[in-house]
Amino acid sequence: MNRPLATLLCLAALWSAPVLAQHNAPKEAAPDKERGEQTAADYAAQGQAQLQARLAMQARTGKAKNLIIFIGDGMGVSTLTAGRIWEGQKAGRDGESNETAIDAMPYSAMVKTYSHDFQVADSAATATALVTGTKTRSGMLSVAPAALRGKCETAAGRDVPTLFEQAESAGKALGVISTARITHATPASTYAHSVDRNWESDSELPAGAACRDIARQLVEWPHAKGLKLVLGGGRAAFMPATQSDPEYADKKGARKDGRDLVAEWKKKHPKGQYVWNASQFAALNPADSAPVFGLFEPSHMQFEADRAKDKAGEPSLAEMVELAVKKLGSSEQGYVLMVEGGRIDHAHHGGNAHRALDDTVALDAAIAKVLEMVNLDETLILVTADHSHVFTIAGYPPRGNSIFGLASITEDGEPITAKDGKAYTTLGYANGPGARVNEPRADPAQEDTAALNYLQQSLVPTSGETHGGEDVVVKAAGPQAHLFHGTIEQHSIYHIAKHILGL
């Protein structure tokens, strides 16, 4: 089983670190062992372990056969931090010192996320930057910025080749996974070219528009072998409006043109397997070379916190990734796989930190699964976000406090409330549905702030919380992962990854 080199070295260093720590730790009073307090020697050992791991680290310098890019939609730095703490607390460990699979990846860079025309970008423009190497206008998918959003007549000749299209031309197998609709902005950027991200089915196209909708582009993708594996939500965009959904009798397809794109996909791939529920997914044979098309919901897949309640069942993100690596890994020329934790973003937009962090933990579990499976001498793994959110971790909560709890003391350890005499939570949003309009602020001390449906308070009342414009992080492991360092443009990720793949 392969693990990130940095993690293995860190573990090895931890075994010998107490000897080093003896020479660096100050004398101190005995810690309160009942509370599990760490000592100065413990911290020195931890620091020495991380030093030794970095001194021993050797960069892999070869080319990559495979690329897996994980995108936590909206997974900014504050989400990474809060997700780390929640992952540890959820497992009964110290959350603050918890190490996630993302943390264990050895190389990182800060990434600028502005689009061609916006300081704070959307997922379409940022995903386009990641897969095409160029910035574009917000709301557009894999087209040059010379086109105009929503103007079909400006689209001709403006398509920009994607990394997936180029990888297919090089003989690599391709996969796309998302917990959002598979026609949603981030996954759609890999195979579709559209001047409007909202044109997911023909019913959303302007009257008389000659442009093709996104679902149609997936099924009609002109590249020879097509996408070998597609897993996500979004059945409705592939079904005619006259057809009932197989899971929900009260829901129908979204297509007005009468086309059954699932049937068309099956005809195009006679040996392919289409699945829409957990039992069908579980029956798939990873050794089978036939393509797989899985659509588990009419719209987005369930949030991780709600997945177990789904009537037909849905695979976890880790389960989908495991299948993908096994199926795509048989390709002699290698593979390129995108995996999106799409619902982190949706929970943040709803001002619901609990679901956002549960989905962050689920994404980390998928990354951990991949790190167990692949050979990092031939597989480049990238983990990044398309953009951030206006999500904050504030106040002075004591260590071990629930990440969903109250920031109830000052930095001096004294009890504190806000100037209105009420408590406030550690987690909050600068804007969003958690704000009150023309009424006093609620007192979180009188509410269950750890409840799954709790909405963190926000400052500015908006129907949906917005994206944040600060830099995000890209983490990297595998061949030439050391090229990801410093502060880079988002579209540079494409160029670096393409170079490492030797395309």
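All but one of (1) within 19 Å of the chain's Cα centre (by Cα); (2) closer than 22 Å to residue 496 by Cβ hold for residue 354, so report the exception by its number.
All conditions are met except number (2).
So which of 376, 459 is at pLDDT 95 or above and touching a Lys or Arg at 6+ places or on another chain (Cβ under 8 Å)?
Of the residues listed, the single one that is at pLDDT 95 or above and touching a Lys or Arg at 6+ places or on another chain (Cβ under 8 Å) is 376.
Are there any pairs with C-beta distances below 6 angstrom linking a residue in the range 492-503 that is within 12 Å of residue 172 (Cβ to Cβ) to a residue that is crowded, with 22+ Cβ neighbours inside 10 Å, with the two at least 6 apart or on different chains, and if so which?
501/64; 501/67
Which condition number in (1) assigned to a loop (DSSP other than H, G, I, E, B); (2) open to solvent by less than 20 Å² (accessible area, probe 1.4 Å); (3) among the aliphatic types (A, V, I, L, M) is the one that residue 59 fails?
Going through (1) assigned to a loop (DSSP other than H, G, I, E, B); (2) open to solvent by less than 20 Å² (accessible area, probe 1.4 Å); (3) among the aliphatic types (A, V, I, L, M) one by one, residue 59 breaks only (2).
Suppose we filter 280, 273 for residues that are polar (S, T, N, Q) and closer than 23 Å to residue 171 by Cα; which single one remains?
Of the residues listed, the single one that is polar (S, T, N, Q) and closer than 23 Å to residue 171 by Cα is 273.
Quick check on the range 21-35. Is at least one of its residues crowded, with 17+ Cβ neighbours inside 10 Å, part of a helix (DSSP H, G or I) and at pLDDT below 95?
Taking every residue of the range 21-35 in turn, at least one turns out to be crowded, with 17+ Cβ neighbours inside 10 Å, part of a helix (DSSP H, G or I) and at pLDDT below 95.
Look through 129, 121, 125, 192 and report the one residue that is among the small types (Gly, Ala, Ser), at pLDDT 95 or above, within 18 Å of residue 237 (Cβ to Cβ) and under 26 Å from the mean Cα position of the chain (by Cα).
192
Does residue 342 meet the test of being in contact (Cβ under 8 Å) with a residue 60 or more places away in the chain, surrounded by 19 or more Cβ atoms within 10 Å (Cβ to Cβ) and on the phi > 0 side of the Ramachandran plot?
no
Looking only at residues that are among the polar types (S, T, N, Q) and surrounded by fewer than 24 Cβ atoms within 10 Å (Cβ to Cβ) in the range 177-212, which one is nearest to residue 345 (Cα to Cα)?
198
Among the numbered criteria (1) modelled with pLDDT under 95; (2) touching a strand residue (DSSP E or B) at 6+ places or on another chain (Cβ under 6 Å), which one does residue 69 miss?
Residue 69 satisfies every listed condition except (1).
Specify which of the listed residues (165, 153, 87) is open to solvent by 50 Å² or more (accessible area, probe 1.4 Å), part of a helix (DSSP H, G or I) and modelled with pLDDT of 95 or more.
Result: 153 is the single residue among 165, 153, 87 that is open to solvent by 50 Å² or more (accessible area, probe 1.4 Å), part of a helix (DSSP H, G or I) and modelled with pLDDT of 95 or more.
Condition first: in contact (Cβ under 8 Å) with a residue 12 or more places away in the chain and in contact with a strand residue (DSSP E or B) (Cβ under 6 Å, 6 or more places away or on another chain). Can you find one or more residues in the range 216-226 that meet it?
Looking for residues that are in contact (Cβ under 8 Å) with a residue 12 or more places away in the chain and in contact with a strand residue (DSSP E or B) (Cβ under 6 Å, 6 or more places away or on another chain), one finds none in the range 216-226, hence no.
Please work out if residue 171 is without any contact (Cβ under 8 Å) to a residue 12 or more places away in the chain, part of a loop (DSSP other than H, G, I, E, B) and open to solvent by 10 Å² or more (accessible area, probe 1.4 Å).
no
Looking only at residues that are touching a helix residue (DSSP H, G or I) at 6+ places or on another chain (Cβ under 7 Å) and among the aliphatic types (A, V, I, L, M) in the range 425-471, which one is least open to solvent (accessible area, probe 1.4 Å)?
Selected residue: 427.
Looking for something under 22 Å from residue 486 (Cβ atoms), open to solvent by less than 20 Å² (accessible area, probe 1.4 Å) and of a type in the set (Gly, Ala, Ser) - is there at least one such residue anywhere in the range 118-125?
yes
Quick check, is residue 100 out of contact with any Cys (no Cβ under 6 Å at 6 or more places or on another chain), under 24 Å from residue 427 (Cα atoms), touching a residue at least 24 places away in the same chain (Cβ under 8 Å) and not in a helix (DSSP H, G or I)?
Against the criterion (out of contact with any Cys (no Cβ under 6 Å at 6 or more places or on another chain), under 24 Å from residue 427 (Cα atoms), touching a residue at least 24 places away in the same chain (Cβ under 8 Å) and not in a helix (DSSP H, G or I)), residue 100 qualifies.
Kindly indicate whether residue 364 is surrounded by fewer than 20 Cβ atoms within 10 Å (Cβ to Cβ) and either touching a residue at least 60 places away in the same chain (Cβ under 8 Å) or more than 15 Å from the chain's Cα centre (by Cα) (or both).
Taking the combined requirement at face value, the residue does not satisfy it.
Can you tell me which residue among 480, 490, 456 is over 19 Å from residue 380 (Cβ atoms) and not aromatic (Phe, Trp, Tyr)?
Criteria check complete, one pass: 456.
Can you tell me which residues in the range 213-239 are outside any helix (DSSP H, G or I) and surrounded by 18 or more Cβ atoms within 10 Å (Cβ to Cβ)?
213, 221, 226, 227, 228, 229, 230, 231, 232, 233, 234, 239
Regarding residue 353, is this residue out of contact with any strand residue (DSSP E or B) (no Cβ under 9 Å at 6 or more places or on another chain) and under 26 Å from residue 93 (Cα atoms)?
Answer is no for this residue.
The values are calculated or read from the model by the stated rules, or taken from the named source; none is laboratory data. This one's a predicted model, so the numbers in the text were calculated from it and none came from an experiment. As a convention, Cβ positions derive from the backbone with ideal geometry for all residues, glycine included, and neighbour counts pool all protein chains shown. Calculation scope for accessible area: heavy atoms of the full protein, side chains included, ligands and nucleic acids excluded. Shrake-Rupley method; radii C 1.70, N 1.55, O 1.52, S 1.80 Å.
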